[in-house]
Amino acid sequence: MQIAQVAQRRYTTKAFDPSRRISTDDLAAIRTLLRNAASSVNSQPWHFIMASSDAGKGAIADTLKTGYAYNEGKVRNASQVVVFCARKGLDAAHLSAVLAQEEADGRFATPEARATQEKTRMHYVGLHQETLGDVDAWIDRQIYLALGTLLLGAGALQIDACPLEGFDAAAVDAALGLEAKGLRSVVMVALGYRSSEDFNARLPKSRLPESVIFSEI
């Protein structure tokens, strides 16, 4: 299946079949997709929590009972739920770990190349943490790059998905103990396979025409 066909085929699943589970191989592919998602200056400012057990999904679903009950069934019935977490700032330890991994992976032909990469990354981190003061928003944008990667990749694997912003982030953070880990939840994705009750599967996909959303210069 070509990538454009995947984009046309995939949609937001509204109801999952709780009896169907994603295979071990496909879960490994999902982890690979997320690990290799793009991020500004390779900052990788994320952590992904995979809720696979009934207990894990239940802990998240319980936070949805007040205000977001319409999403509770999606979380409980999905095969897996991925919680996309953002780091609370980019500290020296994380940045050093990224640089060390790049070096171990052979990205630097010379010491000068390593120094240039470190300088460039520190410039952008400093720009957003200190000059612009919008580091959380900047990190969130990297999280959404990973989200897009997962949605398209899941479609290619013929796995159904539902991105979820309808949740109380503070409640999810508390339920998963994210504060102590220096993390905060940003968005979630329920993954699995559609059920016969999924009304959205029967509806045609709708997007604005190309003439409206594209311009040539």
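Each residue in region 27-45 was checked for being open to solvent by less than 40 Å² (accessible area, probe 1.4 Å) and either out of contact with any strand residue (DSSP E or B) (no Cβ under 6 Å at 6 or more places or on another chain) or part of a loop (DSSP other than H, G, I, E, B) (or both), and 9 pass. Of the residues making up region 118-132, just one is touching a Ser or Thr at 6+ places or on another chain (Cβ under 7 Å) and open to solvent by 70 Å² or more (accessible area, probe 1.4 Å), namely Tyr124. Looking at the structure I just gave you, is Arg87 of a type in the set (Lys, Arg), open to solvent by 30 Å² or more (accessible area, probe 1.4 Å), within 20 Å of Leu33 (Cα to Cα) and touching a residue at least 12 places away in the same chain (Cβ under 8 Å)? Considered against the rule, which asks whether it is of a type in the set (Lys, Arg), open to solvent by 30 Å² or more (accessible area, probe 1.4 Å), within 20 Å of Leu33 (Cα to Cα) and touching a residue at least 12 places away in the same chain (Cβ under 8 Å), Arg87 comes out as yes.
Test Ile49 against the stated conditions and say whether it is touching a residue at least 12 places away in the same chain (Cβ under 8 Å) and closer than 24 Å to Gly177 by Cα. Judged against the criteria, Ile49 is a match.
Scan region 66-94 for residues that are within 20 Å of the chain's Cα centre (by Cα), assigned to a helix (DSSP H, G or I) and more than 26 Å from Arg20 (Cα to Cα) and the total you get is 1.
Pull up region 1-26, narrow it to residues that are touching a residue at least 24 places away in the same chain (Cβ under 8 Å) and in a helix (DSSP H, G or I), then point me to the one that is surrounded by the fewest Cβ atoms within 10 Å (Cβ to Cβ). Steps first, please.
Quick first cut of region 1-26, residues touching a residue at least 24 places away in the same chain (Cβ under 8 Å) only: 1, 3, 6-18, 20-22, 26.
Applying the additional criterion that residues be in a helix (DSSP H, G or I) yields 3, 6-9, 26.
Values: Ile3: 10, Val6: 17, Ala7: 14, Gln8: 13, Arg9: 12, Asp26: 18.
In this case the residue turns out to be Ile3.
In region 95-117, the residues that are open to solvent by 50 Å² or more (accessible area, probe 1.4 Å) form Cβ pairs under 6 Å with partners that are assigned to a loop (DSSP other than H, G, I, E, B) and modelled with pLDDT of 95 or more, at six or more places apart or across chains, as follows: Arg114/Phe108.
Counting the residues of region 183-204 that are surrounded by 15 or more Cβ atoms within 10 Å (Cβ to Cβ) and over 14 Å from Phe16 (Cβ atoms) gives 5. Considering every residue within region 154-166, establish whether at least one is surrounded by fewer than 19 Cβ atoms within 10 Å (Cβ to Cβ), of a type outside the set (Gly, Ala, Ser), at pLDDT 95 or above and touching a strand residue (DSSP E or B) at 6+ places or on another chain (Cβ under 7 Å). Scanning region 154-166, I find at least one residue that is surrounded by fewer than 19 Cβ atoms within 10 Å (Cβ to Cβ), of a type outside the set (Gly, Ala, Ser), at pLDDT 95 or above and touching a strand residue (DSSP E or B) at 6+ places or on another chain (Cβ under 7 Å), so the answer is yes. Applying a threshold of 6 Å to beta carbon distances and a minimum spacing of six or more residues, or different chains, the list of pairs starting in region 135-152 at a residue that is farther than 13 Å from Trp46 by Cβ and ending at one that is open to solvent by 40 Å² or more (accessible area, probe 1.4 Å) reads Val135/Gln129.
I need a count of the residues in region 158-217 that are assigned to a loop (DSSP other than H, G, I, E, B), within 23 Å of Thr66 (Cβ to Cβ) and acidic (Asp, Glu). Working first, answer last.
Let us first name the residues in region 158-217 that are assigned to a loop (DSSP other than H, G, I, E, B), namely 158-159, 165-168, 177-178, 182, 193, 195-198, 203-209, 214-217.
Those still in the list that are within 23 Å of Thr66 (Cβ to Cβ) too: 165-168, 177-178.
Narrowing the set further to residues that are acidic (Asp, Glu) leaves 165, 168.
Qualifying residue count for the region: 2.
Here Phe48 fulfils each of the conditions (1) in contact with a Phe, Trp or Tyr (Cβ under 7 Å, 6 or more places away or on another chain); (2) open to solvent by 20 Å² or more (accessible area, probe 1.4 Å); (3) in a helix (DSSP H, G or I); (4) closer than 25 Å to Ile139 by Cα apart from (3).
Listed by first and then second residue, the pairs linking a residue in region 183-200 that is more than 28 Å from Asp140 (Cα to Cα) to a residue that is open to solvent by less than 10 Å² (accessible area, probe 1.4 Å) and part of a loop (DSSP other than H, G, I, E, B), with Cβ atoms under 6 Å apart and 6 or more places separating them unless they lie on different chains, are Arg194/Thr13; Asp198/Thr13.
Considering the conditions (1) within 30 Å of Leu127 (Cβ to Cβ); (2) out of contact with any helix residue (DSSP H, G or I) (no Cβ under 6 Å at 6 or more places or on another chain); (3) surrounded by fewer than 20 Cβ atoms within 10 Å (Cβ to Cβ), Asp54 is excluded by exactly one of them, (1).
The values are calculated or read from the model by the stated rules, or taken from the named source; none is laboratory data. Predicted model, so just to flag it, every value in this text is computed and none were measured. We place every Cβ from the backbone using ideal geometry, glycine too, and count neighbours over all the protein chains shown. All accessible areas refer to the heavy atoms of the entire protein, side chains included, with ligands and DNA or RNA removed. Shrake-Rupley method; radii C 1.70, N 1.55, O 1.52, S 1.80 Å.
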